[in-house]
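Here's a structure for you.
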Amino acid sequence: MRLDKFVCESTDLTRSQAGKVIRQGLVTINGTLVKQAALQVTADDVVCLDEQQINIIGKRYIMLHKPAGYVCSTSDPDHPTVFTLLDEPLLERLHTVGRLDLDTTGLVLITDDGQWSHRISSPKHHVAKTYRVWTADPIPVSAIAQFEQGVMLRSEASPTLPAQLELIGEKEALLTIQEGRYHQVKRMFAAIGNKVEQLHREKIAALQLPDDLMEGEYRVLTQHQLQLLGLK
């Protein structure tokens, strides 16, 4: 890898900025000052910028327990974003894998791997997502069959894909869907004459939000957890 590219991949500097600090004599390789941006760097080389060792930041796969009141975007004029909860370098390279609404809590995946996030969020892959739902009115048993058959949402041309509804209490249920239509869970319950009062995402594919991951906390996914998503 070229030295200027290595510096870019290890810092928040642009390619031109990396070239500038190299020419200024701020970069060393294995203790030797270098000023050639095109110099090749190997995996065994120790690269320092301004006397501090730098390393390439690899692909990152993070799970966050999203609190209510946060948006899943990089910036918002009215609300804090989930990225303010992260203590990570190069935040601008990260993005959420899909989104949860402002008032929805639960499992959010964050990454800088665009291909990986696309495979999870793309509708054609039908990655299951499980939500715990609390409603304003009691949920009838008949809703199980309705959701299994697919529900026609307002302003949609086709019904939802089959969804699995598990009743937990009179006004509480687990709903597993395989799509990600706009406000889908809320609209599905609205279609049967009910209103979602509270919504919490517990699971994506086989990856469960850990009980010990508190609201606002995050951690890097393990290899096993990546495998639970069926994508690694």
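No lab work stands behind these numbers, since they all come straight from the coordinates. What you see is a predicted model; the values in this text were computed from it and never measured. No Cβ is skipped: glycine too gets one built from the backbone with ideal geometry, and neighbour counts run over all protein chains shown.
At R0 = 41 Å, how high is the FRET efficiency between SER75 and GLU166 if r is their beta carbon distance? Nearest 0.05 is fine. Don't skip to the answer; put the middle values down first.
On the way: r = 37 Å, r/R0 = 0.90.
Efficiency at R0 = 41 Å is approximately 0.65.
For ARG219, ARG201, what ranking results if the residue with the fewest other Cβ atoms within 10 Å of its Cβ goes first?
Numbers: ARG219 13, ARG201 20.
Fewest-to-most Cβ neighbours within 10 Å comes out as ARG219, ARG201.
Between rounded, prolate and oblate, where does segment 1-124 land on the alpha carbon gyration tensor, with a ≥ b ≥ c its root eigenvalues, rounded for a/c under 1.5, else prolate if a/b exceeds b/c?
On the way: a/c = 3.11, a/b = 2.37, b/c = 1.31.
Judged from the Cα gyration tensor, segment 1-124 comes out prolate (a/c at least 1.5, a/b above b/c).
Can I ask one more? Can you give the helix-only mean residue ellipticity at 222 nm for the chain, where every DSSP H stretch with n ≥ 4 adds -39500 (n - 2.57) and the sum goes over all residues, rounded to the nearest 500 deg cm²/dmol?
On the way: 6 runs with 47 residues, N = 232.
Result for the chain, helices only: -5500 deg cm²/dmol.
What's the exposure ranking of MET1, MET152, going from fewest to most Cβ atoms within 10 Å?
Listing MET1, MET152 from fewest to most nearby Cβ atoms yields MET152, MET1.
Right, next: How large is the convex hull of the C-alpha atoms of the chain per residue, in Å³?
Output value, Cα hull per residue: 157 Å³.
Evaluate the charge dipole of the chain about its Cα centre and quote only its size in Debye, nearest 20, assuming +1 on the Cβ of each Lys and Arg and -1 on the Cβ of each Asp and Glu. Could the numbers behind the result be given before it?
On the way: 25 positive and 29 negative charges, 172 e Å.
Charge dipole, the chain, about its Cα centre: 820 debye, nearest 20.
Placing +1 on the Cβ of each Lys and Arg and -1 on the Cβ of each Asp and Glu in segment 3-53, which of GLN36, CYS48, VAL7 has its Cα farthest towards the positive end of the resulting dipole?
Projecting each Cα onto the dipole axis, the largest value belongs to GLN36.
Take each of the peptides 44-57, 177-190, average the number of other beta-carbon atoms within 10 Å over its residues, and list them starting from the highest.
Values: 44-57: 12.6, 177-190: 17.1.
In decreasing order of mean packing, 44-57, 177-190 become 177-190, 44-57.
Further question on the same structure: Given q = 0.32 Å⁻¹, what are the Debye log10 I(q)/I(0) values for segment 3-53, with equal point scatterers placed on the Cα positions and solvent ignored?
Calculated log10 I(q)/I(0) at the listed q: -1.54.
So, one more: So what is the relative contact order for the chain, in percent, with contacts set as C-alpha pairs under 8 Å and at least six apart?
Details: 415 pairs, mean separation 43.0, N = 232.
It comes to 19 percent, rounded to a whole number.
HN-Hα J couplings of segment 173-184 from phi, Karplus 6.51/-1.76/1.60, θ = phi - 60°, integer Hz, Gly and Pro as x?
So the Karplus estimates, Gly and Pro as x, are 7, 9, 10, 10, 10, 10, 10, x, 5, 4, 6, 4 Hz.
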